[in-house]
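I have placed the structure first, in the form of structure tokens, so that the comments after it can refer back to it.
Derivation of every value follows stated rules applied to the coordinates shown; laboratory data play no part. Just so you know, these numbers come straight off a predicted model, no measurement behind them. Heads up, the Cβs are rebuilt from the backbone with ideal geometry, glycines too, and the neighbour counts pull from every protein chain shown.
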Amino acid sequence: MKLFSKVRLITNKYDSDGAKKNSIGIVLEVYATGDYEVQFLDKNGEPSDIFFSVHPDEIESFDN
């Protein structure tokens, strides 16, 4: 994934953090470890206050 790519969360691991499975987000940072910092969008498609690091196998590219 590249910076500012739109992604979909494919795990329910982060439900308690406010990002449910199939939540859409934007990649804000690509770490040397291969992890990504993702900011998730609200139901209106606007950036929310929910962002955290995810492993590459927890997201997939999302094109709408």
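Projecting label points 7 angstrom from Cα along Cα→Cβ for residue 12 and residue 49 puts them 2.6 nm apart. Close amide-amide hydrogen proximity is noted between residue 62 and 6, 7, 8, each under 5 Å apart and 5 or more residues distant or on a separate chain (H modeled in the peptide plane; Pro and chain starts excluded).
Among 37, 60, the ranking by other beta carbons within 10 Å of each residue's beta carbon, starting with the fewest, stands as 60, 37. Label zone of residue 32 (point 7 Å out along Cα→Cβ, amide N under 11 Å): in the stretch 1-24 this covers no residue at all. The residue among 62, 14, 26 whose Cα reaches farthest toward the positive pole of the charge dipole of the chain, with charges on the beta-carbon of Lys, Arg, Asp and Glu, is 62. Could you give log10 I(q)/I(0) at q = 0.15 Å⁻¹ for the chain, computed by the Debye formula over C-alpha point scatterers of equal weight, without solvent? Summing over Cα pairs of the chain leads to -0.37.
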